[in-house]
Amino acid sequence: MAERAVKTARGILLRSRGRAALLLRRIVGAFVAAVLVLALATPAVAQSRAPAPYANVQLPDPAKEAKATALMATLRCLVCQGQAIVDSDADMAGDMRSLVRQRIAAGESADEVRDWLIARYGDYVTYDPPMSAVTIPLWLTPLALLGLGIWIASASFRRRRPPRS
């Protein structure tokens, strides 16, 4: 009889351990799922912010808006690097559009705004960088490559010419 009681007690203990282990697995699984959801949602929350005030709003004066739009078409998006800020959806481009519109609305000329942006972001912000010691490779590299191409082509044509008899 005592032996039977010991077996019954062991069975109850093993079953309760199994339930406890199952409960522990469920708790750990829920914790891991919660951590994963938070980790995946954090970038989405970090990226959501209100756009700059004039990023997507035109100026009330059509002449000033036309001047701002013409200037924005000549400024490069620093994030996209291949688009003008007028076409880019990047937050940085929105901030730059807002700055341009605010300064144009305040009465600054397009050249003053361009000079301010160049002073703030560097020559790379314009599609037409000025000639300087830093930008000289931008101006000379296409000419050097064109010269190299002409030299290679002329050497190739000279080799193909049949000798005159």
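Every read-out reported here was derived from the displayed coordinates using simple, explicitly stated rules and does not represent laboratory data. Given the structure is predicted, the values throughout are model-derived calculations rather than measurements. Please note: Cβ atoms are built from the backbone with ideal geometry, for glycine as well, and neighbour counts cover all protein chains shown.
Odds and ends about this structure:
- Each peptide in 129-141, 92-104 receives the mean, over its residues, of other Cβ atoms within 10 Å, and ordering these scores from highest gives 92-104, 129-141.
- Here's how it looks for Thr126: its modeled amide H is under 5 Å from those of Arg76, which are all 5 or more places away or on a different chain.
- For Ala84, the residues whose amide H sits under 5 Å from its own are Cys77, ignoring neighbours fewer than 5 places away on the same chain, with H placed 1.01 Å from N.
- For the pair Arg120 and Asn56, the difference between a 0.36 nm per residue extended length and the Cα-Cα distance amounts to 20.9 nm.
- Note on Cys80 and Ile136: with the Förster distance fixed at 35 Å, the Cβ-Cβ geometry gives a FRET efficiency of about 0.85.
- Cut-off 11 Å (backbone N to label point 7 Å along Cα→Cβ of Lys64), residues of the range 73-101: 101
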